[in-house]
Amino acid sequence: MLGRLLLHLVLLLVFAPLLQGVIVKTKALFGGRVGAPLLQPYWDLARLWRKGFVFSRTTTWVFRAGPVVGLTVPVLASLLVPFGALPAPFSFEGDLILFVYLFGLARFFTAAAALDTGSSFEGMGAAREVTFSCLAEPTMLFALMVLARLAGGLSLNSLLGTHLQAAWKGPAAAPLGLILVCLLVVLLVENSRIPFDDPNTHLELTMVHEVMVLDHSGPAFGMILYGAALKLMVLGALVVRLALPWQTGLWWLDALVFLGGMLLLAVLIGVVESIMARLRLVRIPQILIGTTLVSIFALVLVLR
Amino acid sequence: MHWIIAAALTIGLSGVPGLFLPRQGSAGERPACILVLLGVGCGLTGVAGALSGWVGDSFTLPWRIPGGELALRLDSLSAVFLLPVLLVVACGAVYGLGYWPQREHPDNGRKFRLFFGLIGSALIIVLTARNAVLFLLAWEVMALSSYFLITTEGEKVEARRAGFIYLVATHTGTLALFAMFALLEQLSGSFTFPAAQSLAAGGGAAIFSLGLFGFGLKAGLMPLHVWLPGAHAAAPSHASALLSGVMIKTGIYGLVRLTSFFADLPPWWGWSILALGAVSGIFGVAFALAQHDIKRLLAYHSVENIGIIALGLGIALLGRSFDLPALTLLGIAGALLHVINHGLFKSLLFLSAGSMIHATGTREIDHYGGLLKRQPWTGIFFLGGAVALSGLPPFNGFISECLFYLGAFNAFAGESRTVHLAVLAAPALALIGGLALACFVKVFGIAFLGEPRSDEAARAHEAPRSMRLAMLPLLGCCVWIGLLPMTVAPLLQRAALDWSARTGEVSLTAPLAPLAWVAGMGWGLILTVVVVGLWLQRLAKGAPDTVSTWGCGYALPGPRMQYTASSFADFLVGLFRFGLRTERRGGEVTDVFPVPGHFHSNTPDSVLDRLLYPGCRGAARGFTWLRARVQNGLVAVYLLYVAVTLFVLLLLITTI
């Protein structure tokens, strides 16, 4: 138990920033550039850690609570989700609901921290963030319902258990494929990636997540970046396990398969970001509602 | 049971001594508060005693009224509804000392305290009555006292209008209840409430429909919620807390009690409550998003939460129809827990909103801003209530929503294909949760954070100690249920057993086992956040905190440039425009050098302002026209009426 917990945390805390590096590298290669080194996110975090803070006189303790909750929640949520074939250290019936709602808590405090600065820029970002997330939430639930129906259990460990390998070969492959796409869309929305949001710029009026964290500085900003990397890894773990449901029985091999899957996912995100343009803001709700419909169709297929 | 009667009497009479004291001076506000607290103490002793079995749980006296009997009984189901009533009445009475002091409100303070006590007493009787006549009597006292609470400030047009709509609505509902109890008497043979599961469902369709209408009107299920937003906004805040937190729950209590009488339930009962719950939940929160009056917004959230409770009740009813005890148990336990939870956090939110109104004198969210610096305690209370209402861990709202989700997912266990559809309650709940979160980010962010948007907000002050003291136990209970949910599980299990004996087959320990984990994670979350927060605080010590927010190079940012409540919600409200139909005026930019402009947005209630009002106005006009034609003043025509009437009577007599 303790060993599993430590392994989980080490995998998460050590490898999460690497994914960001892989995404940036992929995009650079697509753009014909050399790009920043793979380990650049680590150096960025170290640099931010040594810097000082600047706080606006408008802000209160809520402004500082944002980064704290934003960093804590993905760590706690990671304890509920299996990393590939490595089962989650904490597992109970209904942990998937806690998993979804923990991210809700993080969103509440990140958005409140953005509004705490009194800047209309950040208000705009906060409004968009909560809008898109509440449209993504039903999709997530439908996808989890499909998985629960296939697994016959209600914990993430059983949802993403060993039965998936057989399920992919059976008639359940079609709904599984549909919700894989849906979960990928949710992943992109929740982690503010192209085509829903652009993580690179915050000076355009169209940006969502980056504009919310405009006024954070120093280690607090480092916490936000690190928290975002952790969130990508935790939500990505769902997609990776769904796509690569192999079980080897050796923990180090399972961990390697999982990490390989995560790297593939990062490359995929990089490719998506390179070949797609950002969507117009009004299109995003339409895409999200469309994804919800796809996930409902998947549910219809498994309930049939 | 005598304790409960003593509680009802003490609370009910608490406002009476004040009537004999002059309106100048304190007019007995402290004695009234002490009497209420005394009554609540009696009530809590009575509930604890009845539940543990050391005092009797029933009381019967014959009564002269035909069909009437003074029959009271307190089972666990009543206790679940009664506990929040007692807590909120006590907190409201203490809160009133600071919020509605007699010296500031000499005209209506005594009236308010009289009816505040009366409604508390009526609530206790409604929840324990075991006879239809007694129930309806207490129901009517409750309805009338709430009317007088809503029209406390009767000099304001808004309050009179809200009170009138409430009066019409509640009496329409009572009418349906009269019919329902009459039919119930036909079925069971007496006006005494039948025992649980003693009636066959045959002939229950009309009873259920009437009950759903009458009780739904009181609870505020979506198409029937017309009275709710105006009434909660017009009443003083501690009255709104009582009305919204516990009074509307009597409607849910009625539905729960009514459905417990029947042995086997047709599935359409569950489906209709489930559908109404989903509509109330989603549109309640969508309307809430569009509001910028804080009390109207909270009132729409009551509609949303009643919807959530109805979702749970619907799941439980389906569980009974399709014979799935686990589904029944989780649904009803979630619904009952949410009744308690909503009583706690909604009262907390109304009381802290009252504290904001007390400090600034306005209900407009867009006139607040930066209140957290001026009202740090109110801010924490409001934040606690907001997080709890959004159903986020580690507060109590999450616990009940977790039970709903577990219940909904359990529908997969059913044999029948149709019951699988109950699982659709889960995504509806997720959507409601997401929208509620957006709404409370909006309220908390716009009202408490940023810069003050008006002079009143800049001059705001912290609430007096009595008001803060009244909010503390409510927040404490929210945290308690959130972090130690196992402590309420036995009560829920017993209440579920009172509702349906079949739930006895499943022990709540197995389905509720996740709660221990959830609580553990909650503790972990709080600990980690505190540790990381303190660490960050230590790192940030001595950091400059006097610079202004970065304005992208603009040197003169003003508080009016901040995001407003309307603009925050605009995107989401736009997605629901098919149901909300927000009216917007102004805001267009016409020229290269625009002149100063104004923008105004308003979201009237779709059912009341767009359907009932025009409908009633049209009907009134039609009847006026008809009356003018019929009563036209020509004697010849009147004679014709007499002749026609006689002829018709003759015809009737000869044919029968």
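Selection within region A:76-87: residues that are more than 7 Å from every other protein chain (Cβ to nearest Cβ) and under 17 Å from the mean Cα position of the chain (by Cα). The member of this set that is surrounded by the fewest Cβ atoms within 10 Å (Cβ to Cβ) is A:Leu79.
Answer with yes or no whether B:Val531 is assigned to a helix (DSSP H, G or I), without any contact (Cβ under 8 Å) to a residue 24 or more places away in the chain and either within 14 Å of chain A (Cβ to nearest Cβ) or in contact with a Lys or Arg (Cβ under 7 Å, 6 or more places away or on another chain) (or both). The answer is yes for B:Val531. Answer yes or no as to whether B:Pro514 is facing another protein chain (nearest Cβ under 10 Å) and either polar (S, T, N, Q) or touching a Phe, Trp or Tyr at 6+ places or on another chain (Cβ under 6 Å) (or both). For B:Pro514, the condition - facing another protein chain (nearest Cβ under 10 Å) and either polar (S, T, N, Q) or touching a Phe, Trp or Tyr at 6+ places or on another chain (Cβ under 6 Å) (or both) - is met. Checked against (1) among the small types (Gly, Ala, Ser); (2) more than 28 Å from B:Val226 (Cα to Cα); (3) in a helix (DSSP H, G or I), B:Gly633 passes all but a single condition, namely (3). Scanning region B:576-604 for residues that are surrounded by 10 or more Cβ atoms within 10 Å (Cβ to Cβ) and assigned to a helix (DSSP H, G or I), which turns out nearest to the other protein chains (Cβ to nearest Cβ)? Checking each candidate, the answer is B:Arg577.
Consider A:Glu122 carefully, then state whether it is assigned to a helix (DSSP H, G or I) and within 17 Å of the chain's Cα centre (by Cα).
Judged against the criteria, A:Glu122 is not a match.
Which of the numbered conditions does A:Ile97 fail, given that it passes all the others? Conditions: (1) facing chain B (nearest Cβ under 9 Å); (2) free of Cβ contacts under 8 Å to residues at least 40 places away in the same chain; (3) touching a helix residue (DSSP H, G or I) at 6+ places or on another chain (Cβ under 9 Å); (4) more than 28 Å from B:Ala411 (Cβ to Cβ). Looking at each condition in turn, A:Ile97 falls short on (4).
Yes/no matrix, rows are residues, columns are (1) facing chain B (nearest Cβ under 7 Å); (2) surrounded by fewer than 24 Cβ atoms within 10 Å (Cβ to Cβ); (3) in contact with a helix residue (DSSP H, G or I) (Cβ under 6 Å, 6 or more places away or on another chain); (4) of a type in the set (A, V, I, L, M, F, W, C):
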site	(1), (2), (3), (4)
A:Ala65	yes, yes, yes, yes
A:Val69	yes, no, yes, yes
A:Ser91	no, yes, yes, no
A:Phe103	no, yes, no, yes
A:Asp116	yes, no, yes, no
A:Glu122	no, no, yes, no
A:Val130	yes, no, yes, yes
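Can you pull out the residues in region B:538-551 that are more than 7 Å from chain A (Cβ to nearest Cβ) and either surrounded by 11 or more Cβ atoms within 10 Å (Cβ to Cβ) or part of a loop (DSSP other than H, G, I, E, B) (or both)? Within region B:538-551, B:Lys541, B:Gly542 qualify.
For B:Arg73, the conditions (1) under 18 Å from B:Met142 (Cα atoms); (2) at pLDDT 90 or above; (3) surrounded by fewer than 23 Cβ atoms within 10 Å (Cβ to Cβ) all hold with the exception of (1).
Being over 19 Å from A:Lys231 (Cα atoms), at the interface with chain B (Cβ under 7 Å from one of its Cβ atoms), surrounded by fewer than 22 Cβ atoms within 10 Å (Cβ to Cβ) and not charged (D, E, K, R) holds for only one residue in A:Thr60, A:Thr26, and it is A:Thr60. Could you check, for region B:484-503, whether at least one of its residues is within 14 Å of chain A (Cβ to nearest Cβ) and surrounded by 20 or more Cβ atoms within 10 Å (Cβ to Cβ)? Yes - at least one qualifying residue is present in region B:484-503. Whether any residue in region B:443-453 is free of Cβ contacts under 8 Å to residues at least 60 places away in the same chain and surrounded by 24 or more Cβ atoms within 10 Å (Cβ to Cβ) is what I want to check. The answer is no, given that none of the residues of region B:443-453 is free of Cβ contacts under 8 Å to residues at least 60 places away in the same chain and surrounded by 24 or more Cβ atoms within 10 Å (Cβ to Cβ). Looking at B:Gly41, is it of a type in the set (Gly, Ala, Ser) and either out of contact with any Leu (no Cβ under 6 Å at 6 or more places or on another chain) or at pLDDT 90 or above (or both)? Against the criterion (of a type in the set (Gly, Ala, Ser) and either out of contact with any Leu (no Cβ under 6 Å at 6 or more places or on another chain) or at pLDDT 90 or above (or both)), B:Gly41 qualifies.
You will find that of B:Leu276, B:Leu297, the residue that is crowded, with 24+ Cβ neighbours inside 10 Å, touching a residue at least 24 places away in the same chain (Cβ under 8 Å) and under 30 Å from B:Gly211 (Cα atoms) is B:Leu297 and no other. Of the helices (runs of 4 or more DSSP H) entirely within region B:335-439, those holding at least 3 residues that are at the interface with chain A (Cβ under 9 Å from one of its Cβ atoms) occupy B:376-389, B:396-410.
The set of residues in region B:582-595 that are of a type outside the set (S, T, N, Q) and out of contact with any Pro (no Cβ under 8 Å at 6 or more places or on another chain) comprises B:Arg584, B:Arg585, B:Gly586, B:Gly587, B:Glu588, B:Val589, B:Asp591, B:Val592, B:Phe593, B:Pro594, B:Val595.
Yes/no per residue for (1) within 17 Å of B:Val141 (Cα to Cα); (2) touching a Gly at 6+ places or on another chain (Cβ under 9 Å):
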{"position": "B:Ser209", "(1), (2)": "no, no"}
{"position": "B:Gly214", "(1), (2)": "yes, yes"}
{"position": "B:Gly230", "(1), (2)": "no, yes"}
{"position": "B:Met247", "(1), (2)": "yes, no"}
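Of all the residues in region B:552-570, those that are at the interface with chain A (Cβ under 9 Å from one of its Cβ atoms) and part of a helix (DSSP H, G or I) number 6. Of the residues making up region A:134-178, those that are under 25 Å from B:Leu572 (Cα atoms) and either small (Gly, Ala, Ser) or more than 10 Å from every other protein chain (Cβ to nearest Cβ) (or both) are A:Ala136, A:Ala143.
The single condition from (1) hydrophobic (A, V, I, L, M, F, W, C); (2) under 30 Å from B:Asp455 (Cβ atoms); (3) surrounded by fewer than 18 Cβ atoms within 10 Å (Cβ to Cβ) that B:Val573 fails is (3).
Restricting A:Ala220, A:Ala229 to those that are touching a helix residue (DSSP H, G or I) at 6+ places or on another chain (Cβ under 7 Å), in contact (Cβ under 8 Å) with a residue 60 or more places away in the chain, of a type in the set (A, V, I, L, M) and away from every other protein chain (no Cβ under 14 Å) reduces the list to A:Ala229. Which of the numbered conditions does A:Phe53 fail, given that it passes all the others? Conditions: (1) assigned to a helix (DSSP H, G or I); (2) touching a Pro at 6+ places or on another chain (Cβ under 8 Å). Checking A:Phe53 against (1) assigned to a helix (DSSP H, G or I); (2) touching a Pro at 6+ places or on another chain (Cβ under 8 Å), the one that fails is (1).
The values are calculated or read from the model by the stated rules, or taken from the named source; none is laboratory data. Just so you know, these numbers come straight off a predicted model, no measurement behind them. Glycine gets a Cβ as well: all are built from the backbone with ideal geometry, and neighbour counts include every protein chain shown.
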